[in-house]
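Visitor: Questions regarding the structure given below will be posed in turn.
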Amino acid sequence: MQDDLPALQQRFGKHYPQWLLALLMVGSMAMVLASTSINVALPAIMADFSIGRPLAQWLSTGFLAAMTAGLLLAAWAHARFGARRTAQAGLLLFILSSLLALIVEAAWQLIALRIVQGLCAGIVQPLAMVLIFRVFADGGRGMALGLYGLGVMLAPTLGPGIGGYLVDHFGWVAVFWMPLPMCLLALLAGQWLLPNQGDRSTPLLDFRAFAWLCLGLFAALGFLAEAQRFAWWQPRVWGLGLLAVVALAAFVWRSRRSGKPLLPLSLWRHAGFRSASWVALTLGLGLYGSTYLIPLYLQTVEGYSAGQAGMLLLPAGLLMGMASFVAGWLSDRLSAALLLISGLLIFTLSAAGLAWVGQGASFALLCFWACVGRVGLGVSCRP
């Protein structure tokens, strides 16, 4: 039985694109939930394992670093094994790591499982965009991308609120089983709806380049974490920094000399790609940095519960979705540069406002500045 896209479209009829879009949204929402909901559980994890912030931040940053590395694996795995095998392998490993997180006995075990989850998220999420562009090639792609983006945006909007409530009532382990129903649904539905057309002649993965990249990313994170606790001239700090520089330099050297590089560095010769990369870096720092810092500040400094911290971010997430929708409408009338600059300035204003209010600010004032920042990010992300 053929399982390529034309065969699946013929088998399931004219509604196949809509069913596939729903499946891709569910899978992506599960990955986004896993990446953002952990932040409201960090104080509880820190108390349970008696660890400090420099070690606890690995639960968030380790996930994101592994997801970054996983993004480079996604295209290769999709080409060699097909979308179905790639997605199901990632989902199965994600489910297994979530279940193992429920029985860990040490902080390093939990961090290791979060890194595995991040790798799975990096492999699974890019498949959605590839398949949307392929299945909606004859029309409706813009609407499909809009619906997909709206669905995925609901995850970081609702995740902290739901996760905070679950942490208050069931403990920090709840954030690990929260995405499991969606993962199981995506796993089962993918057996029928995902195409499974791989090409075994695809060149083997450049494992050396991938290893150098992973080593460089995690050494850099280790350097930043240790620099918070110890002086920069201590070997445990500058040694990690030196290792990060050497590993990343080796990755660049390997990529420049490979016939099939893991990451084509020639892309950065294009001014448009360089500009987009810097904007994406800025937006990523703003979105994930604030998603990490705000719940941590609310619980450790202001004394809020996990549920209260999540509820403060709920209206901010809703406004981010509305701002993204309005920015999409404005993008047909205004330049993308104007929208990006305006959004980043609004987010900067929010960061300054949160720094200005200080300890003891009211719930409403903190919520206001968080909402301002999410509006700025929503305007910036859409162009």
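Visitor: Go through region 100-149 and report how many residues are in contact (Cβ under 8 Å) with a residue 40 or more places away in the chain and either out of contact with any Ser or Thr (no Cβ under 8 Å at 6 or more places or on another chain) or not aliphatic (A, V, I, L, M) (or both).
Guide: Selection size over region 100-149: 27.
Visitor: Please name all residue pairs, on different chains or six or more residues apart, with Cβ atoms under 6 Å, provided the first residue is in region 230-251 and is at negative phi and the second residue is assigned to a loop (DSSP other than H, G, I, E, B) and surrounded by 12 or more Cβ atoms within 10 Å (Cβ to Cβ).
Guide: Taking only residues 6 or more apart or on different chains, the pairs are VAL237/PHE230.
Visitor: It is to be established whether one or more residues within region 233-244 are under 19 Å from MET67 (Cα atoms), in contact with a helix residue (DSSP H, G or I) (Cβ under 6 Å, 6 or more places away or on another chain) and in a helix (DSSP H, G or I).
Guide: The answer is yes; a qualifying residue exists.
Visitor: Checking GLY163 against (1) more than 16 Å from PHE210 (Cβ to Cβ); (2) modelled with pLDDT of 85 or more; (3) out of contact with any Gly (no Cβ under 8 Å at 6 or more places or on another chain): exactly one of these is not met. Which one?
Guide: (3)
Visitor: Collect the residues in region 198-208 that are assigned to a helix (DSSP H, G or I) and without any contact (Cβ under 8 Å) to a residue 24 or more places away in the chain, keeping them in residue-number order.
Guide: PHE207
Visitor: Further, regarding this structure: Go through region 125-160 and give me each residue that's surrounded by fewer than 17 Cβ atoms within 10 Å (Cβ to Cβ), at pLDDT below 80 and over 20 Å from the mean Cα position of the chain (by Cα).
Guide: ALA137, ASP138, GLY139, GLY140, ARG141, GLY142, MET143
Visitor: Against the condition in a helix (DSSP H, G or I) and either of a type in the set (Ser, Thr, Tyr) or under 13 Å from THR157 (Cα atoms) (or both), how does GLY317 come out, does it pass? Break it down stepwise before answering.
Guide: Numbers: in a helix (DSSP H, G or I): yes; either of a type in the set (Ser, Thr, Tyr) or under 13 Å from THR157 (Cα atoms) (or both): yes.
Judged against the criteria, GLY317 is a match.
Visitor: Which residues, taken from region 205-234, are farther than 22 Å from ILE51 by Cα and exposed (fewer than 14 other Cβ atoms within 10 Å of the Cβ)?
Guide: The initial filter retains those residues of region 205-234 that are farther than 22 Å from ILE51 by Cα, namely 205-217, 233.
Once the filter is applied, which keeps residues that are farther than 22 Å from ILE51 by Cα and exposed (fewer than 14 other Cβ atoms within 10 Å of the Cβ), region 205-234 yields PHE207, ARG208, TRP233.
Visitor: Can you pull out the residues in region 295-310 that are of a type in the set (A, V, I, L, M, F, W, C) and either assigned to a loop (DSSP other than H, G, I, E, B) or modelled with pLDDT under 85 (or both)?
Guide: The one that is of a type in the set (A, V, I, L, M, F, W, C) and either assigned to a loop (DSSP other than H, G, I, E, B) or modelled with pLDDT under 85 (or both): VAL301.
Visitor: Also, I was wondering about something else. Any residue at all in region 183-192 that is modelled with pLDDT of 80 or more and touching a Gly at 6+ places or on another chain (Cβ under 7 Å)? If you could, list the steps in order and put the result at the bottom.
Guide: Here is the first cut: in region 183-192, the residues modelled with pLDDT of 80 or more are 183-192.
From the residues that got through so far, the ones that are touching a Gly at 6+ places or on another chain (Cβ under 7 Å) too are 186.
Taking every residue of region 183-192 in turn, at least one turns out to be modelled with pLDDT of 80 or more and touching a Gly at 6+ places or on another chain (Cβ under 7 Å).
Visitor: Suppose we keep only residues that are aliphatic (A, V, I, L, M) and in contact (Cβ under 8 Å) with a residue 24 or more places away in the chain within region 183-197. Which one would you say is surrounded by the fewest Cβ atoms within 10 Å (Cβ to Cβ)? Quick ask: steps written out before the conclusion?
Guide: Quick first cut of region 183-197, residues aliphatic (A, V, I, L, M) only: 184-189, 193-194.
In the following step, the residues that additionally are in contact (Cβ under 8 Å) with a residue 24 or more places away in the chain were identified as 184-187, 189, 193-194.
On the way: LEU184: 14, LEU185: 16, ALA186: 28, LEU187: 18, ALA189: 16, LEU193: 22, LEU194: 24.
The extreme case among them is LEU184.
Visitor: Only residues that are assigned to a loop (DSSP other than H, G, I, E, B) and either in contact with a strand residue (DSSP E or B) (Cβ under 7 Å, 6 or more places away or on another chain) or not charged (D, E, K, R) (or both): list them for region 326-362, please. Full working, then the answer.
Guide: Kept after step one, since they are assigned to a loop (DSSP other than H, G, I, E, B), are these residues of region 326-362: 331-335, 358-362.
Across region 326-362, the qualifying residues are SER331, LEU334, SER335, GLY358, GLN359, GLY360, ALA361, SER362.
Visitor: Turning to a different aspect of this structure: Check region 282-289 and report whether any residue there is at pLDDT 85 or above and farther than 17 Å from THR157 by Cβ.
Guide: no
Visitor: Please enumerate the residues belonging to region 141-192 that are under 17 Å from THR36 (Cβ atoms) and among the polar types (S, T, N, Q).
Guide: Matches in region 141-192: THR157 only.
Visitor: Taking the conditions exactly as written (in the same structural domain as TYR288 (by TED's automatic domain parsing) and either more than 25 Å from the chain's Cα centre (by Cα) or within 25 Å of LEU281 (Cα to Cα) (or both)), does LEU314 satisfy them or not? If you could, list the steps in order and put the result at the bottom.
Guide: Details: in the same structural domain as TYR288 (by TED's automatic domain parsing): yes; either more than 25 Å from the chain's Cα centre (by Cα) or within 25 Å of LEU281 (Cα to Cα) (or both): yes.
Taking the combined requirement at face value, the residue satisfies it.
Visitor: Here is a list: ARG80, ARG53. Which entry is in contact with a Ser or Thr (Cβ under 7 Å, 6 or more places away or on another chain), of a type in the set (D, E, K, R) and either in contact (Cβ under 8 Å) with a residue 24 or more places away in the chain or surrounded by fewer than 19 Cβ atoms within 10 Å (Cβ to Cβ) (or both)?
Guide: When all the criteria are applied, what remains is ARG80.
Visitor: Please pick out the residue among LEU100, LEU96, LEU119 that is over 23 Å from LEU262 (Cβ atoms), surrounded by 15 or more Cβ atoms within 10 Å (Cβ to Cβ) and modelled with pLDDT of 90 or more.
Guide: Values: LEU96 fails: surrounded by 15 or more Cβ atoms within 10 Å (Cβ to Cβ); LEU119 fails: over 23 Å from LEU262 (Cβ atoms).
Only one candidate qualifies: LEU100.
Visitor: For region 327-383: of the residues being of a type in the set (Ser, Thr, Tyr) and at pLDDT 85 or above, which is surrounded by the fewest Cβ atoms within 10 Å (Cβ to Cβ)?
Guide: Of all residues in region 327-383, those of a type in the set (Ser, Thr, Tyr) come to 331, 335, 342, 348, 350, 362, 380.
Going one step further and asking which of them are at pLDDT 85 or above, we end up with 342, 348, 350, 362.
Values: SER342: 16, THR348: 13, SER350: 23, SER362: 9.
Checking each candidate, the answer is SER362.
The values are calculated or read from the model by the stated rules, or taken from the named source; none is laboratory data. Since we're looking at a predicted model, the values are computed, not measured. Heads up, the Cβs are rebuilt from the backbone with ideal geometry, glycines too, and the neighbour counts pull from every protein chain shown.
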